[in-house]
Amino acid sequence: MDVTTVKALAGPQGHELLSSLPPYDESQVLAVQGRLRAQGHSPELVAAALTQHRLRHRARDKFGEFADGMLFTPDGLEQATRLEVAATHAARFAAASLATVHDLGCGIGSDAMAMSSLGVTVQGLDRDPVAAAVADSNLRPWPDSRARVGLAEDLQPPADPIHARVGIWLDPARRTPGVADAQGRTRRVFRLEELSPSWDLVLELATAVPATGVKMSPSLPHDVPPLGTEAQWVSYDGTVLECSVWWGPLVRTAGRSALVMRHGAPSVRVDQSHADEDPPAVASLGGLGAHLYEADRAVVRAGLVGALTREVGGAEVEPGLGLVTSESAHDVPFARGYRVVEAMPYNVKVLRAWLRERGITGLTIKKRGIRVDDEQLRRGLRIGRGAGDGAQAVVVLTRVAGESAAVVVEPLA
């Protein structure tokens with residue numbers, strides 16, 4: 001897709017064409033294509049519209065019904081902040097009473113849309129002309145907010161950003177430009193020095209404009225964010241999506257925090273004030289209690305498992321894995337709880353015999369801190385995924401006090 005195609009899709013004819021498409025059905029794509037061609041639409045516009053139709057269908061997971069009015073690129077959709085998370089970013093800027101936010105690396109404009117919906121005027125920049133054109137189209141409901149082609153390096157911050165009520169939001173590119181894969185996606189980068197704009201420029205802009213935030217990879221090391229900032233790891237339905245770093249008036253609590261988000265449930269925020277600084281750990285497998293708790297991965301990434309040990313009055317089974325054991329049952333909004341049925345040193349033959357003796361024919365395998373090939377293990381255990389005529393069990397393969405262990409558990413109601 002090029003800029004001309006984006007403008008065609010965003011124009012009256014393209015908008016009408018996209019609005020006329022039936023609910024997406026992969027098996028009907030060729031039939032729809034033939035019908036549109038027969039109506040006199042150009043092959044190029046039909047191909048672009050059907051691509052958008054497919055991307056909008058995929059985007060409903062991130063954007064719900066709002067996806068039906070947006071334009072996308074494959075990379076842009078994959079990297080875009082999902083709607084619920086973008087709303088939390090926007091809330092910080094709105095709460096700081098900012099008039100204008102410069103969205104540097106705006107992509108397809110998901111964060112810019114969320115901020116605009118809360119009354120913040122956004123000036124988006126992206127080095128990719130197609131992404132900038134898509135973002136500008138997506139910002140049409142908010143005429144004061146626009147997106148254009150540009151580099152973060154070209155931004156000239158105001159001399160008095162506080163008086164001007166200006167903020168900055170950065171989403172550095174974590175993909176390399178060049179040859180894309182079969183789905184149109186380019187290669188992802190992971191090293192800090194490969195970001196664009198660079199981390200050094202992020203720090204420079206944050207010094208010039210106090211109200212600055214940046215979206216980083218969840219793998220961001222704890223020692224990278226400067227003192228006084230807030231680094232927040234965010235998960236949605238158990239998947240860690242990002243680590244956002246906040247400066248100045250956008251900070252809620254300096255240090256590390258975790259935001260645990262689940263569909264249909266209130267968000268839960270955990271920070272260092274909630275956590276034991278040096279959480280206890282069990283000394284042996286025999287020290288495992290009657291219950292096991294699995295911390296949300298955002299909490300683990302943020303190094304806040306101590307919040308779980310404090311909440312349940314327990315100890316880690318192994319430092320850093322996010323598993324905590326306790327004698328008592330608790331309902332913890334940032335962890336999953338289980339009752340321990342059996343705990344044994346990890347041995348395939350021993351585990352197979354234990355399962356067979358109890359008539360268990362279906363097994364859910366969870367792993368923390370141990371590498372095991374699931375299919376190879378199932379062959380060794382002679383057990384499948386579905387229970388069939390027998391019972392179903394859950395086994396957690398992990399390390400307890402440095403030793404590999406198999407812990408059979410039942411989820412707490």
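The values are calculated or read from the model by the stated rules, or taken from the named source; none is laboratory data. Because the structure is predicted, anything quoted here is derived from the model rather than measured. Cβ atoms come from the backbone with ideal geometry, glycine included; neighbour counts cover every protein chain shown. These area figures cover heavy atoms from the full protein model, side chains too; ligands, DNA and RNA do not enter into them. Shrake-Rupley method; radii C 1.70, N 1.55, O 1.52, S 1.80 Å.
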Three principal axis extents, largest first, for the C-alpha atoms of the chain, in Å?
68, 58, 35
Treating each Cα of region 291-378 as an identical point scatterer and ignoring solvent, apply the Debye formula and state log10 I(q)/I(0) at q = 0.13, 0.15, 0.23 Å⁻¹.
-0.50, -0.65, -1.14
Report, ordered by chain and residue number, the aspartates and glutamates lying within cross-link reach of Lys367, taken as a straight Cα distance under 12 Å and ignoring same-chain residues fewer than 8 apart.
Glu294
Contour excess over end-to-end distance, with Cα ends at Arg371 and Arg191 and 0.36 nm allotted per residue
62.4 nm
On a straight-distance basis, which lysines could pair with Lys215 in a cross-link, Cα separation under 25 angstrom, same-chain partners fewer than 8 positions away excluded?
Lys62
Point-to-point label distance, Val29-Ser117, nm (Cα→Cβ direction, 7 Å offset)
2.8 nm
Show me the three semi-axes of the equivalent ellipsoid for region 88-155, from the C-alpha gyration tensor (sqrt of 5 times each eigenvalue), largest first, rounded to whole Å.
19, 13, 9
Antiparallel bridge percentage (DSSP; both residues within the chain; nearest 5):
55 percent
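Over every pair of different alpha-carbon atoms in region 281-337, take the mean of 1/r and invert it; report that Kirkwood radius in Å.
Numbers: mean 1/r = 0.0923 Å⁻¹.
About 10.8 Å, per the Kirkwood formula over Cα pairs.
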How fast does region 45-122 diffuse by Stokes-Einstein, in µm²/s, taking the Kirkwood radius from C-alpha pairs at 4 °C and 1.567 mPa s?
99 µm²/s
At what distance in nm do the modelled label points of Arg37 and Arg60 sit from each other, each positioned 7 Å from its Cα along Cα→Cβ?
2.7 nm
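What percentage of all Cα-Cα pairs in region 1-158 are separated by more than 22 Å?
Working: 5231 of 12403 pairs.
Value for region 1-158: 42 percent of Cα pairs lie more than 22 Å apart.
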Heavy-atom accessible area of Ser20, protein chains in place, probe 1.4 angstrom, given in Å² to nearest 10, is 60 Å²
In terms of Cα to Cα distance under 12 Å, which aspartates and glutamates are near enough to Lys7, apart from those fewer than 8 places away along the same chain?
Asp136
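Just the C-alpha atoms of region 211-250: what Rg/Rh do they give, with Rh taken as the Kirkwood radius?
0.98
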Contour minus end-to-end for Leu203 and Arg148, with contour as 0.36 nm per residue of separation and end-to-end as the Cα-Cα distance?
17.5 nm
Tilt of helix 29-38 relative to the longest C-alpha principal axis of the chain, in degrees (0 to 90, nearest 10)?
10 degrees
Quick check for you: with a 1.4 Å probe and neighbouring chains kept, what is the accessible area per residue of the chain, in Å²?
48 Å²
Where does region 266-413 land on Rg/Rh, using Cα atoms and the Kirkwood Rh?
0.99
Within the chain, what whole-number % of the accessible surface is contributed by carbon and sulfur, with the 1.4 Å probe and all protein chains included in the calculation?
52 percent
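Okay, helix-only estimate at 222 nm for the chain: each DSSP H run of n ≥ 4 adds -39500 (n - 2.57), divide by all residues, round to 500 deg cm²/dmol; what do you get?
Working: 14 runs with 129 residues, N = 413.
Mean residue ellipticity, 222 nm, calculated: -9000 deg cm²/dmol.
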Considering the Cα trace of region 211-283, what is its radius of gyration and what is Dmax, both in angstroms?
13.2, 46
Given that compact globular proteins tend to follow 2.2 N^0.38 Å, what is the ratio of the alpha-carbon Rg of region 1-43 to that value?
1.21
